[in-house]
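The structure appears below as structure tokens.
FYI, it's all coordinate maths here, none of it is from the lab. Note that the coordinates shown come from a computational prediction; the quantities given were computed from them, not determined experimentally. Heads up, the Cβs are rebuilt from the backbone with ideal geometry, glycines too, and the neighbour counts pull from every protein chain shown.
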């Protein structure tokens, strides 16, 4: 039980930092950006534009009926995030580095879920990045945590899988030489 508690004690501050940083930036956007309109920085590379998004990531699924959106984006996300958090916080099977990346994904998901629960099914988005003719959709810091954690987790898992396959290949080759 001591290992689980120390692991959770390491992961919970990261989870709270994800949620806290996202909720703080959303509060700042609602308080200061919503009345100001869009702001542009770094030759329009970064735009801050307040949007209340009733859909999923980058507005996907926004055209679905409201009841279905609630079931999918609120109940469905809660059904994935809450058990995922419990599993990650108490599991000792995952490496700590993998658990940290999973916490980033789940923390971002939980923070967006909090938004949906307190903002009548909407999430506050305000970040937009562009270079030349390419622009992202409008997103928030929780989306950054989710994407960063997902991509990094994918890289770690692919590298780990490749390493394990390479190790199996060496052991089967050395076994056949005997």
For this session: Please order 151, 134 by the number of other Cβ within 10 Å, starting at the fewest.
Result: 134, 151
Exercise. Hey, how much of the P(r) for the chain falls beyond 19 Å, as a percent of Cα pairs?
Worked result: 65
Seminar exercise, completed: Tilt, helix 77-90 to longest principal axis of the chain (alpha-carbon atoms), in degrees rounded to tens, equals 40
Exercise. In deg cm²/dmol, rounded to 500, what helix-only [θ] at 222 nm does the chain give when every DSSP H run of at least 4 residues adds -39500 (n - 2.57) and the total is split over its residues?
Worked result: -20000 deg cm²/dmol
Exercise. Taking a point 7 angstrom from the Cα of residue 96 along the C-beta vector, which residues in region 1-28 have backbone N less than 15 Å away?
Worked result: 2-15
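Return the FRET efficiency for the residue pair residue 86, residue 43: r is the Cβ-Cβ distance, R0 is 41 Å, and the value is rounded to the nearest 0.05. Spell out each step's value before the answer.
Details: r = 45 Å, r/R0 = 1.10.
Efficiency, rounded to the nearest 0.05: 0.35.
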Seminar exercise, completed: So, relative contact order of region 2-172 in percent, Cα under 8 Å, 6 or more apart, is 30
